[in-house]
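*Asks:* Structure provided below as structure tokens; questions to follow.
The values are calculated or read from the model by the stated rules, or taken from the named source; none is laboratory data. None of the values given here were measured: they were computed from a predicted structure. FYI the Cβ positions are ideal-geometry reconstructions off the backbone, even for glycines, and counts take in every protein chain you see. Ligands, DNA and RNA are excluded from the accessible area calculation, which covers all protein heavy atoms including side chains. Shrake-Rupley method; radii C 1.70, N 1.55, O 1.52, S 1.80 Å.
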Amino acid sequence: MTLDHLTAPLVETRLPGLTLWRRGKVRDVYDLGDRLLVVATDRLSAFDVVLPTGIPGKGVILTQLSLFWFRLLGTVVPHHVLAAEVDEYPAELRPFRDQLEGRSMLVVKTEPLPVECVVRGYLAGSGWKDYRATGAVCGIPLPPGLREADRLEPPLFTPATKAESGHDENIPFAEMARRVGTQAAAEARDKSPAIYARARAHAESRGIILADTKLEFGVADDGRLVLGDEAFTPDSSRFWPAAGYAPGRPQPSFDKQYVRDYLEGLRWDKRPPAPPLPPDIVLKTSEKYGEAFHRLTGSPLPSASAQESFGEFLVA
């Protein structure tokens, strides 16, 4: 399991002649008409602020791990991916192979739901803080006496706003329905726990606890609700090693909690600009992401030039 940590991180793509639709916290998205080109950079955000220091290889890991999950979850929910190899892209994209290989996806254009669908299977993070203060998580009452990192059955569905900058905000289901429509809201609410359950079962088989996740959906031209953006990556999910799991305390993590913990120890008000990360934190974070990929997929750490054919994953 190797990754060239000496390679400079790709923190911003530059693809002259293409229409940049948006730069998100991590992904650069280009408009190709009826399709989008999504490129996962090596940017890292924490506390909803993009950090000035990139994590080498992070975008490749996010992309390849998402492709793994899209394939695994294909029988549960359709996804937005059309192709993920540069050789299968339109000719005008191939000159940018050095920025696209391994870290990009050509996807169907959908109408994104303006909410994040959060599923919480364990009491952690902001959910734990909310429970300690109110006895509930996002307004959902829970039994008294629960401990940090306790398993929640059934998992909780807690939608949130999607903020381009600043913090996402939890909203009740009624507000989600008002924003996206009753039918789409109900379908996303029903599909999200099923998707999480399938992913959690796989993660557990690999010795990893999938504590929580956030999912994003879009509506395709044919009206189908399609899973988009990313799926069960260290950026969108909280992963813990099953070995040594013990409720009542914080758990070691395979996600960017390592960076959050470092930043919590600084005198930073969690507003831009964020402080740079020292080399040892960058290296350790890269290793955490790499270990999550290896343990979840059973495959070696991907390189930008090595990826599996995605033909079998095409959107039907």
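*Asks:* I need the full set of residues from segment 130-148 which are within 28 Å of Val50 (Cβ to Cβ) and at pLDDT 95 or above, in order please.
*Replies:* Our first condition is that a residue be within 28 Å of Val50 (Cβ to Cβ); within segment 130-148, this holds for 130, 137-138.
Asp130, Val137, listed by residue number.
*Asks:* Exactly one of (1) closer than 30 Å to Tyr258 by Cα; (2) buried (at least 17 other Cβ atoms within 10 Å of the Cβ); (3) modelled with pLDDT of 95 or more; (4) not acidic (Asp, Glu) is unmet by Pro52. Its number?
*Replies:* Just one mismatch for Pro52, condition (2).
*Asks:* Let me ask another. Is there a residue being of a type outside the set (Asp, Glu) and touching a Pro at 6+ places or on another chain (Cβ under 7 Å) anywhere in segment 93-104? Reasoning before the result, please.
*Replies:* First, the residues of segment 93-104 that are of a type outside the set (Asp, Glu): 93-97, 99-100, 102-104.
Filter once more, so that each one left must be touching a Pro at 6+ places or on another chain (Cβ under 7 Å): 102.
For segment 93-104, residues of a type outside the set (Asp, Glu) and touching a Pro at 6+ places or on another chain (Cβ under 7 Å): present.
*Asks:* Only residues that are under 22 Å from Thr53 (Cβ atoms), β-branched (Val, Ile, Thr) and not in a loop (DSSP other than H, G, I, E, B): list them for segment 30-43, please.
*Replies:* To start, the set of residues in segment 30-43 that are under 22 Å from Thr53 (Cβ atoms) comprises 39-43.
Checking which are β-branched (Val, Ile, Thr) leaves us with 39, 41.
Across segment 30-43, the qualifying residue is only Val39.
*Asks:* Now for a different question. Taking interchain pairs and intrachain pairs at least six residues apart, which have beta carbon atoms under 7 angstrom, with the first residue in segment 137-158 and part of a strand (DSSP E or B) and the second open to solvent by 90 Å² or more (accessible area, probe 1.4 Å) and polar (S, T, N, Q)?
*Replies:* Listed by first residue and then by second, the contacts come to nothing, as the list is empty.
*Asks:* What do you reckon, is Arg120 part of a helix (DSSP H, G or I) and among the basic types (Lys, Arg)?
*Replies:* The answer is no for Arg120.
*Asks:* If you don't mind, there's one more thing I want to ask. Criterion first (at pLDDT below 95, of a type outside the set (Asp, Glu) and open to solvent by less than 40 Å² (accessible area, probe 1.4 Å)) does Gly290 satisfy it? First the steps, then the outcome.
*Replies:* On the way: at pLDDT below 95: yes; of a type outside the set (Asp, Glu): yes; open to solvent by less than 40 Å² (accessible area, probe 1.4 Å): yes.
The answer is yes for Gly290.
*Asks:* Which residue pairs have Cβ atoms under 7 Å apart, sit 6 or more places apart or on different chains, and have a first residue in segment 196-218 that is in contact (Cβ under 8 Å) with a residue 12 or more places away in the chain and a second that is basic (Lys, Arg)?
*Replies:* Taking only residues 6 or more apart or on different chains, the pairs are Arg206/Arg295; Gly207/Arg295; Ile208/Arg295; Leu210/Arg200; Ala211/Arg238; Asp212/Arg120; Asp212/Arg238.
*Asks:* Across segment 229-250, what is the total count of residues that are surrounded by fewer than 24 Cβ atoms within 10 Å (Cβ to Cβ) and more than 10 Å from the chain's Cα centre (by Cα)?
*Replies:* 11
*Asks:* Hey, among the residues in segment 210-227 that are open to solvent by 10 Å² or more (accessible area, probe 1.4 Å) and in a strand (DSSP E or B), which one's farthest from Ser45 (Cα to Cα)? Before the answer, list the steps.
*Replies:* Start the filter on segment 210-227 by keeping residues that are open to solvent by 10 Å² or more (accessible area, probe 1.4 Å), which leaves 212, 214, 216, 219-224.
After this cut, where a residue has to be in a strand (DSSP E or B) as well, the list is 212, 214, 216, 219.
On the way: Asp212: 18, Lys214: 15, Glu216: 17, Val219: 27 Å.
Per the criteria, the residue is Val219.
*Asks:* Which condition number does Ala186 fail, the rest of (1) surrounded by 16 or more Cβ atoms within 10 Å (Cβ to Cβ); (2) outside any loop (DSSP other than H, G, I, E, B); (3) touching a helix residue (DSSP H, G or I) at 6+ places or on another chain (Cβ under 9 Å) being met?
*Replies:* If we test Ala186 against (1) surrounded by 16 or more Cβ atoms within 10 Å (Cβ to Cβ); (2) outside any loop (DSSP other than H, G, I, E, B); (3) touching a helix residue (DSSP H, G or I) at 6+ places or on another chain (Cβ under 9 Å), just (1) comes out false.
*Asks:* If we scan segment 93-111, do we find a residue that is under 26 Å from Lys288 (Cα atoms), at pLDDT 95 or above, assigned to a loop (DSSP other than H, G, I, E, B) and among the hydrophobic types (A, V, I, L, M, F, W, C)?
*Replies:* no
*Asks:* Follow-up. Just checking, does segment 189-201 include any residue being of a type outside the set (A, V, I, L, M, F, W, C), modelled with pLDDT of 95 or more and over 21 Å from Phe68 (Cα atoms)? Before you say what the answer is, go through the steps one by one.
*Replies:* Of the residues in segment 189-201, the ones of a type outside the set (A, V, I, L, M, F, W, C) are 189-193, 196, 198, 200.
Those still in the list that are modelled with pLDDT of 95 or more too: 189-193, 196, 198, 200.
Now narrow it down to the ones that are over 21 Å from Phe68 (Cα atoms): 189-190.
Scanning segment 189-201 turns up at least one residue that is of a type outside the set (A, V, I, L, M, F, W, C), modelled with pLDDT of 95 or more and over 21 Å from Phe68 (Cα atoms).
*Asks:* Scanning segment 1-25 for residues that are modelled with pLDDT of 95 or more, of a type in the set (A, V, I, L, M, F, W, C) and in contact with a helix residue (DSSP H, G or I) (Cβ under 7 Å, 6 or more places away or on another chain), which turns out least open to solvent (accessible area, probe 1.4 Å)?
*Replies:* Leu15
*Asks:* Looking at segment 128-140, which of its residues are over 26 Å from the mean Cα position of the chain (by Cα) and either closer than 15 Å to Ile171 by Cα or surrounded by 12 or more Cβ atoms within 10 Å (Cβ to Cβ) (or both)?
*Replies:* Answer for segment 128-140, where residues must be over 26 Å from the mean Cα position of the chain (by Cα) and either closer than 15 Å to Ile171 by Cα or surrounded by 12 or more Cβ atoms within 10 Å (Cβ to Cβ) (or both): Thr134, Gly135.
*Asks:* Could we say that Ala174 is under 20 Å from Gln257 (Cα atoms) and either touching a residue at least 40 places away in the same chain (Cβ under 8 Å) or among the small types (Gly, Ala, Ser) (or both) here? I'd like the intermediate steps shown before the answer.
*Replies:* On the way: under 20 Å from Gln257 (Cα atoms): no; either touching a residue at least 40 places away in the same chain (Cβ under 8 Å) or among the small types (Gly, Ala, Ser) (or both): yes.
Criteria not met by Ala174.
*Asks:* For segment 141-163, which positions are buried (at least 18 other Cβ atoms within 10 Å of the Cβ) and acidic (Asp, Glu)?
*Replies:* Scanning segment 141-163 gives a single hit, Glu148.
*Asks:* If you go through segment 59-92 one residue at a time, how many are touching a Leu at 6+ places or on another chain (Cβ under 8 Å), open to solvent by 20 Å² or more (accessible area, probe 1.4 Å) and assigned to a loop (DSSP other than H, G, I, E, B)?
*Replies:* Here the count works out to 2.
*Asks:* Please specify each residue of segment 221-246 satisfying the condition of being farther than 24 Å from Leu301 by Cα and not basic (Lys, Arg). Talk me through it step by step, then tell me what you get.
*Replies:* Restricting attention to segment 221-246, the residues satisfying the condition of being farther than 24 Å from Leu301 by Cα are 221-227, 244-246.
Residues satisfying the conditions are Asp221, Asp222, Gly223, Leu225, Val226, Leu227, Gly244, Tyr245, Ala246.
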